[in-house]
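Heads up: the structure comes next, in structure tokens.
The values are calculated or read from the model by the stated rules, or taken from the named source; none is laboratory data. Just so it is clear, the structure is predicted and the values come from calculations on it, not from any experiment. Positions of Cβ are generated from backbone atoms using ideal geometry, with glycine treated the same way; all protein chains shown enter the neighbour counts.
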Protein chains: 2
Amino acid sequence: MRTKVSLGIDIGGTNIAYGVIDKEGKCVMTDSKPIKLFDTPQEFIVSLHQEIEERLATLDADLIGVGVGAPDGNYFTGTIEHAANLNWKGRIPFTELLRETFALPAFLTNDAKAAALGEMIYGGAKGMKDFAVITLGTGLGSGIVVNGQLLYGHDGLAGEVGHTIVVPGGRACGCGRRGCLETYASATGIKRTACELLAKENAPSRLRDIPYNEISSKMICEAAHEGDAVALETFRYTGEILGTALANLVAILRPEAIFLQGGAANAGDLLFAPTQEYMEQNMLFLFKEKVRVLPSSLPSNAAIYGAAALVWNELKQS
Amino acid sequence: MRTKVSLGIDIGGTNIAYGVIDKEGKCVMTDSKPIKLFDTPQEFIVSLHQEIEERLATLDADLIGVGVGAPDGNYFTGTIEHAANLNWKGRIPFTELLRETFALPAFLTNDAKAAALGEMIYGGAKGMKDFAVITLGTGLGSGIVVNGQLLYGHDGLAGEVGHTIVVPGGRACGCGRRGCLETYASATGIKRTACELLAKENAPSRLRDIPYNEISSKMICEAAHEGDAVALETFRYTGEILGTALANLVAILRPEAIFLQGGAANAGDLLFAPTQEYMEQNMLFLFKEKVRVLPSSLPSNAAIYGAAALVWNELKQS
């Protein structure tokens, strides 16, 4: 019997990654291209179609659909709308273009929602009906699953947990307001916290020799592993803010588990331990010690799995 | 053709109210009894069954099911569990008792979730698939509807918006923590705010002559209507806390509208105006001026409508 496979596309600011994955999570091909190679989305789609056709001809597999995860991707309309960090501008009818070229069902959602589906179909959330995935990258994205379905809200844009205000009057956020969760809990937030602590504390730190623009959350993670006091306190504080926010999220949603994905989640216990600790400390008694904060169990190219999972999820439901 | 009707029961700390309501919201009978008349839930149910049988015999109506809204009611188990303010103690298998006596489908949920269904089936949320109902009584309850379904979470206890912490280290809450939304935004919260302002400000106020235990949110409302500065500032502050919290709730859920029900919502514009104002002021740009804060359009015995609506909602889905 020929295997059924799904094509998952992850559109990032720099690269477009894609992969062909079967229902069990076996990735039969994967690749990545710089987005700047393509002046228009049409150019990319035509080139991708040709590549996939050629590759599938050598495989015993039938492509059943195309799924896309994209920043500012709107599930309801299938469009990518004015994504701040893409060089394709305006309102792009992405699923329409895919359907025309591939003659297959095509679906699109934002990257954090795709991440949640990836976790549900292929990862640690298999069998869960209520959970949340928090992606800690440049910002904080979230994909929330309620009763087995993604939470889209009235216009497809629900799940902006990163833009809940957790410190009134706090750090300036890209959204124009102050104190949003993502200004504290994200790769950028971790860097901002480290910088704040360099100013506030007198402890020696290797971070004092690196310009702000060059500090990364990965460097802070390495410094913490070497015992750097500023770096260690940075992760404790990040966990305090994130854990406290997650306790409030649990009071509203009562998920079975919360998964942390994305670059900053690679800090592992440095981040997970204080996050779980402050979440429990601030948790309503009803939910104490009932909600796990878990790492993703997906491969490092999780976003492709999420995009491919969108197809399985949609075709299951129809 | 005989009319189909549903029996809705609202179990409160003092009274049990019930009513027989058709799908269009016509209430064909309603009554209320002090809960202390019944030593056990069985006694109440047998007495209610007899009364309803007699009343329905005179009406051209078929009862299709029984719905119950109760504090600490658990939808998944159909039980009322250790409700702090009921004189029936322990774990009460309420829907089981109802099914045995009425020989009809019976459903139970907590009072705020029933309120949301009442708004969806009979009230202003007709046709909406994503909305929230906030009940402002002694505490703050919430019923959240996502994609046309009540948000129950992993164990049926989701929707504890009243227990999200909005002022870290703030007012002591009945849940054992500090700064929960319901310690500010509820009838009790309004009274606490007034008391705090009596201490903080020097403005004359008629509230200064009333002991704390006798002040009610209704009195504060009346004082505000007479221009009492402390009472007016009480409602502004309540709206600031509630509106800011609702902006965060919108970022997560993106509802079409938020309904405020319950005693404290009777303050009308005194509460609605600052709530909407501070919600907009703190709203993520994506959702600005898109989410309405609305009063309930249900009759004053809204809780009975909510309980009756549970039956229509369940039988529709099965």
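Here are a few things to note about the model shown:
- Odd one out for B:Lys33 among (1) farther than 26 Å from B:Lys126 by Cα; (2) over 19 Å from the mean Cα position of the chain (by Cα); (3) in a strand (DSSP E or B); (4) touching a residue at least 60 places away in the same chain (Cβ under 8 Å): (4)
- Taken over the range B:11-23, the criterion of being farther than 21 Å from B:Ala70 by Cβ and part of a strand (DSSP E or B) is satisfied by B:Asp22 alone.
- Filter result for the condition that a residue is within 9 Å of another protein chain (Cβ to nearest Cβ) and free of Cβ contacts under 8 Å to residues at least 24 places away in the same chain, over A:Arg177, A:Arg171: A:Arg177
For every residue, the table says whether it meets (1) at pLDDT 95 or above; (2) assigned to a strand (DSSP E or B); (3) among the aliphatic types (A, V, I, L, M).
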{"position": "B:Ile9", "(1), (2), (3)": "yes, yes, yes"}
{"position": "B:Gly25", "(1), (2), (3)": "no, no, no"}
{"position": "B:Met29", "(1), (2), (3)": "no, yes, yes"}
{"position": "B:His49", "(1), (2), (3)": "yes, no, no"}
{"position": "B:Ile64", "(1), (2), (3)": "yes, yes, yes"}
{"position": "B:Val68", "(1), (2), (3)": "yes, yes, yes"}
{"position": "B:Phe76", "(1), (2), (3)": "no, no, no"}
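- The residues in the range A:272-291 that are surrounded by fewer than 24 Cβ atoms within 10 Å (Cβ to Cβ), within 13 Å of A:Ile134 (Cβ to Cβ) and within 14 Å of chain B (Cβ to nearest Cβ) can be counted, and the count is 0.
- Evaluating B:Leu315 against the criteria (1) of a type in the set (A, V, I, L, M); (2) closer than 27 Å to B:Gly13 by Cβ; (3) out of contact with any Leu (no Cβ under 9 Å at 6 or more places or on another chain) leaves one unmet condition, (2).
- Counted residues, the range B:93-120 - those being within 15 Å of the chain's Cα centre (by Cα) and part of a helix (DSSP H, G or I): 10
- The number of residues in the range B:242-268 being surrounded by fewer than 21 Cβ atoms within 10 Å (Cβ to Cβ) and among the charged types (D, E, K, R) comes to 1.
- Filtered by the rule that a residue be in a strand (DSSP E or B) and more than 8 Å from chain A (Cβ to nearest Cβ), the range B:146-156 gives a lone residue, B:Leu150.
Yes/no per residue for (1) within 14 Å of chain A (Cβ to nearest Cβ); (2) in a loop (DSSP other than H, G, I, E, B); (3) surrounded by 24 or more Cβ atoms within 10 Å (Cβ to Cβ):
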position: B:Ala203; (1), (2), (3): no, yes, no
position: B:Lys218; (1), (2), (3): no, no, no
position: B:Cys221; (1), (2), (3): no, no, no
position: B:Gly227; (1), (2), (3): no, yes, no
position: B:Glu240; (1), (2), (3): yes, no, no
position: B:Leu270; (1), (2), (3): no, no, no
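- So B:Tyr122, is it aromatic (Phe, Trp, Tyr) and more than 14 Å from chain A (Cβ to nearest Cβ): yes
- Criterion applied to A:Thr138, A:Thr101, A:Thr77 was being in the same structural domain as A:Ile9 (by TED's automatic domain parsing) and more than 23 Å from B:Ala257 (Cα to Cα), and the one residue passing it is A:Thr101.
- Only a single item in (1) in contact with a Cys (Cβ under 9 Å, 6 or more places away or on another chain); (2) aliphatic (A, V, I, L, M); (3) part of a helix (DSSP H, G or I) is not met by B:Leu198, and it is number (1).
- Flag for B:Gly169 being buried (at least 20 other Cβ atoms within 10 Å of the Cβ) and in a loop (DSSP other than H, G, I, E, B): no
- In the range B:79-92, the qualifying residues are those that are outside any loop (DSSP other than H, G, I, E, B) and in contact (Cβ under 8 Å) with a residue 24 or more places away in the chain, and the one that is surrounded by the fewest Cβ atoms within 10 Å (Cβ to Cβ) is B:Thr79.
- Residues of the range B:224-254 satisfying the condition of being more than 23 Å from B:Val133 (Cβ to Cβ) and in contact with an Asp or Glu (Cβ under 7 Å, 6 or more places away or on another chain): B:Val230
- Some residue of the range B:134-145 being in contact with a helix residue (DSSP H, G or I) (Cβ under 8 Å, 6 or more places away or on another chain), at the interface with another protein chain (Cβ under 7 Å from one of its Cβ atoms), at pLDDT 95 or above and crowded, with 21+ Cβ neighbours inside 10 Å: no
- Of the residues examined, B:Ala112 is not one that is more than 14 Å from B:Leu7 (Cβ to Cβ), surrounded by 24 or more Cβ atoms within 10 Å (Cβ to Cβ) and at pLDDT 95 or above.
- Filter pass, A:Gly189 being touching a residue at least 24 places away in the same chain (Cβ under 8 Å), under 19 Å from the mean Cα position of the chain (by Cα), on the phi > 0 side of the Ramachandran plot and in the same structural domain as A:Glu277 (by TED's automatic domain parsing): no
- Of the criteria (1) in a helix (DSSP H, G or I); (2) surrounded by 12 or more Cβ atoms within 10 Å (Cβ to Cβ); (3) in contact (Cβ under 8 Å) with a residue 40 or more places away in the chain, which one A:Phe44 fails: (3)
- Candidates B:Leu249, B:Leu232 - the one that is within 14 Å of chain A (Cβ to nearest Cβ) and assigned to a helix (DSSP H, G or I): B:Leu249
- For the range B:34-41, the condition of being closer than 23 Å to B:Lys316 by Cα and either crowded, with 16+ Cβ neighbours inside 10 Å or in contact with a strand residue (DSSP E or B) (Cβ under 7 Å, 6 or more places away or on another chain) (or both) holds for none of the residues.
- If the condition is being surrounded by fewer than 24 Cβ atoms within 10 Å (Cβ to Cβ) and either among the polar types (S, T, N, Q) or within 20 Å of A:Phe285 (Cα to Cα) (or both), then the range B:63-78 contributes B:Pro71, B:Asp72, B:Asn74, B:Tyr75, B:Phe76, B:Thr77.
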